[in-house]
Amino acid sequence: MSLIPEASCPRCAATLPILKVWGKAEKASRFPFLMQYKTGVACPTCGVRLVIVQWRVAVAALATCALGLAISVLAVIGIDKAFPKLTDDHPAVVGVPTMLFIAVIVILAFFVAPRFAQVRFAADDEEVDYPLSR
Ligand SMILES: [Zn+2]
């Protein structure tokens with residue numbers, strides 16, 4: 001069981017395959033944590049068509065990245081203060097753990113952030129992309 005459950009169907013409460021949609025959906029060009037505007041998912045149990053609402057995903061991804069950046073900056077300052085001679089002789093010592101840490105945060109943001117997605121009912125005439133039914 002995950003700490004943050006995926007969104008569930010507002011009609012029948014079944015868990016929605018948001019992460020699967022995430023894997024197949026086209027991403028927003030300017031912000032790869034997000035899917036294209038108006039990406040949808042059909043409930044696997046009752047079939048209702050839903051639109052994925054992503055503003056909480058954006059907030060979660062940005063917060064994760066900001067936290068990762070803050071922690072890595074503090075780590076660099078800490079390493080520099082603890083081992084001033086080492087960082088003077090080998091400046092790359094500071095960069096390597098920072099880059100690894102940022103990579104971990106970016107991966108985390110991609111896999112954790114989609115769990116913050118919410119859904120709403122799609123209107124009958126609304127044009128929505130359903131990546132799983134292509
Ligand atoms: Zn349902």
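Here are a few things to note about the model shown:
- Test: residue in segment 64-87 that is polar (S, T, N, Q), within 16 Å of the ligand (Cβ to nearest atom) and surrounded by 14 or more Cβ atoms within 10 Å (Cβ to Cβ): no
- Segment 42-63 residues that are basic (Lys, Arg), paired with ones that are within 14 Å of the ligand (Cβ to nearest atom) and in a loop (DSSP other than H, G, I, E, B) (beta carbon under 7 Å, 6 or more apart): Arg49/Ala122
- Residue in segment 39-51 that is of a type outside the set (Lys, Arg), away from the ligand (no atom under 16 Å from the Cβ) and either under 22 Å from the mean Cα position of the chain (by Cα) or at pLDDT 90 or above (or both) present: yes
- The one condition from (1) surrounded by 15 or more Cβ atoms within 10 Å (Cβ to Cβ); (2) more than 30 Å from Asp125 (Cβ to Cβ) that Pro17 does not meet is (2).
- Taking every residue in segment 8-31 that is within 13 Å of Gly47 (Cβ to Cβ) and within 16 Å of the ligand (Cβ to nearest atom) and pairing it with any residue that is among the hydroxyl-bearing types (Ser, Thr, Tyr) and modelled with pLDDT of 90 or more, at least 6 positions away or on another chain, the pairs with Cβ-Cβ distances below 6 Å are Cys12/Thr45; Ala14/Thr45.
The values are calculated or read from the model by the stated rules, or taken from the named source; none is laboratory data. Owing to the predicted nature of the structure, the values given are computational and were not obtained by experimental measurement. With ideal geometry, Cβ positions are generated from the backbone for all residues, glycine too; neighbour counts draw on all protein chains shown.
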